[in-house]
Amino acid sequence: MNISNIKSRFPVFKKNPNLVFLDTAASALKVDEMIEATNNCYSNEYANIHRGNYELSSKLTKKFEDARKKVADYLNISENNIIFVKSATEGINLVASCMSKRYLNDGDEIILSYLEHHANLIPWHLIEKNIRIVPLGLNENSEINYNELNNKINSKTKLISLTHMSNVTGSITNFNKVKDFAKKDNIPLLLDGCQFAPHKKVDLKELDPDFYVFSAHKMYGPSGLGILYMKDKWIDEFSPYQGGGQMINDVEINKSTYATGYEKFEAGTPPIAPVIGFSSSLNFMNEVDPNVIYDYEMKLHDYAYEKLSKFNNIKIFGSNKHKGAIISFNIEGVHNSDFGAMLDKKNIAIRTGHHCCQPLMKHFNVTGTSRISFGIYNTKEDVDYFIDSIHEITKILL
């Protein structure tokens, strides 16, 4: 893989060639093909879709639905199970809202872990049913405690909702183990794939969750678009999440009937340009190969982890081996926000704070951490400069 050619695909480096961007877990930088496709959509192709009987609308409708199929092919499932939403967060809220109407009852239990992003916690708090959140603890390596999962499943368990990869430690959940426990009791699974999907191939036919969510903006794509995969069973069972145009069958002044399939969950004008742009992001992902991306990023991760481990005053959170290219740490005596601000002066971008994972921070007994996360555009030189900068900053602050 020619990293110079890869970096040339990201316009931000033409303006700022010395940028060291180590915050891909929050949002990835944008690839040229996606930017061009989005600009072209707005400049030359744009019309509302699905309802116009003129050429601009019909052509863009086809392109939009072709993009749905491209997403489905990327995940190895049918396009009929792909629902476009504004974000992965909305995808989880959609599932939580629909489940509360038709599936969950007072006294039911949902199993979540301390690794979860707030987006996979708060939607369940907002359910207007008296359900119980059952917290799943972590082992000494800050991985999900799978034995504890088995012990906490009972007749009241109605859903297991877990991150596919932690956005703090990078820990990858072993869903073969989770499925062993869940499937024997027919408990549905929701997977938050926001961190996993951008970095490694996802095969939903093999993974076999009931729901899977991820965001386009973490996959070198546009903001304003999330992907929700939903099994046929739930598409058929759930009633619409929102009402408006497109999701209807027949409307009268005092009653209405609704579309079937994924259409009943896509009310109103959809995120047309982001979907078109994301299709081009997937072109880039497929061109490079997600598994190649993962291997490359993990080599950088291992290189950085080894160097960070040599600092006597740095504590790294999470020591598991089955993980993605994310490292969270703290420097003794240095506040993470001060550290991040000083790195910014050196043109290094990292994330500091609680990373929308306050329960995990409380588990670690800290208020926040410094986090580096790798993308396809990072290099060993980035890591070396980052490590040199730690030495310089700690000399100033300590």
Review point. Based on what the data block shows, is residue 210 surrounded by fewer than 22 Cβ atoms within 10 Å (Cβ to Cβ) and in contact with a Lys or Arg (Cβ under 6 Å, 6 or more places away or on another chain)?
Key: yes
Practice item. Just need a number here: residues in segment 71-91 that are part of a helix (DSSP H, G or I) and of a type in the set (A, V, I, L, M, F, W, C). Key: 4
Review point. Which residue pairs have Cβ atoms under 8 Å apart, sit 6 or more places apart or on different chains, and have a first residue in segment 218-238 that is outside the structural domain of residue 374 (by TED's automatic domain parsing) and a second that is assigned to a strand (DSSP E or B) and of a type in the set (Gly, Ala, Ser)?
Key: 225/215; 226/215; 227/215
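For every residue, the table says whether it meets (1) surrounded by 17 or more Cβ atoms within 10 Å (Cβ to Cβ); (2) of a type in the set (Ser, Thr, Tyr); (3) within 21 Å of the chain's Cα centre (by Cα); (4) under 30 Å from residue 10 (Cα atoms).
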residue: 219; (1), (2), (3), (4): yes, no, yes, yes
residue: 231; (1), (2), (3), (4): yes, no, yes, no
residue: 236; (1), (2), (3), (4): no, no, no, no
residue: 251; (1), (2), (3), (4): no, no, no, no
residue: 255; (1), (2), (3), (4): no, no, no, no
residue: 258; (1), (2), (3), (4): no, yes, no, no
residue: 261; (1), (2), (3), (4): no, no, no, no
Review point. Of the residues that make up segment 11-21, is at least one part of a helix (DSSP H, G or I) and either under 21 Å from residue 243 (Cα atoms) or touching a residue at least 12 places away in the same chain (Cβ under 8 Å) (or both)?
Key: yes
Exercise for review: With the checklist (1) surrounded by fewer than 18 Cβ atoms within 10 Å (Cβ to Cβ); (2) in the same structural domain as residue 173 (by TED's automatic domain parsing); (3) free of Cβ contacts under 8 Å to residues at least 24 places away in the same chain in hand, flag the one item residue 299 doesn't pass.
Suggested key: (2)
Check your understanding: Restricting the search to segment 7-28, which residues are within 13 Å of residue 382 (Cβ to Cβ) and surrounded by 19 or more Cβ atoms within 10 Å (Cβ to Cβ)?
Key -> 20, 21, 22, 23, 24
Exercise for review: Report, by residue number, each residue of segment 352-367 that is at negative phi and touching a strand residue (DSSP E or B) at 6+ places or on another chain (Cβ under 7 Å).
Suggested key: 352, 363, 364, 366
Check your understanding: Of these, 74, 46, which one is crowded, with 19+ Cβ neighbours inside 10 Å and touching a residue at least 60 places away in the same chain (Cβ under 8 Å)?
Key -> 74
Practice item. For residues that are small (Gly, Ala, Ser) and touching a residue at least 40 places away in the same chain (Cβ under 8 Å), scanning just segment 84-101, find the one that is surrounded by the most Cβ atoms within 10 Å (Cβ to Cβ). Key: 91
Check your understanding: How about segment 116-195: which helices (runs of 4 or more DSSP H) wholly inside it have at least 1 residues that are touching a Gly at 6+ places or on another chain (Cβ under 6 Å)?
Key -> 146-152
Check your understanding: Is it true that residue 198 is in contact with a helix residue (DSSP H, G or I) (Cβ under 6 Å, 6 or more places away or on another chain), in the same structural domain as residue 117 (by TED's automatic domain parsing), more than 19 Å from residue 141 (Cα to Cα) and not hydroxyl-bearing (Ser, Thr, Tyr)?
Key -> yes
Exercise for review: Quickly run through segment 263-284 and pick out the residues that are touching a Lys or Arg at 6+ places or on another chain (Cβ under 7 Å) and either loosely packed, with under 13 Cβ neighbours inside 10 Å or part of a loop (DSSP other than H, G, I, E, B) (or both).
Suggested key: 271
Practice item. Could you check how many residues of segment 203-254 are part of a loop (DSSP other than H, G, I, E, B) and over 13 Å from residue 189 (Cα atoms)? Key: 20
Check your understanding: Just a yes or no: is a residue in segment 186-204 loosely packed, with under 13 Cβ neighbours inside 10 Å, within 29 Å of residue 284 (Cα to Cα) and either within 21 Å of the chain's Cα centre (by Cα) or of a type outside the set (Phe, Trp, Tyr) (or both)?
Key -> yes
Practice item. Tell me, yes or no, whether segment 41-53 has at least one residue that is modelled with pLDDT of 95 or more, assigned to a loop (DSSP other than H, G, I, E, B) and among the polar types (S, T, N, Q). Key: yes
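The values are calculated or read from the model by the stated rules, or taken from the named source; none is laboratory data. What you are looking at is a predicted structure, and each value in this text was computed from that prediction instead of being measured. Cβ: placed from backbone, ideal geometry, glycine included. Neighbour counts: every protein chain shown.
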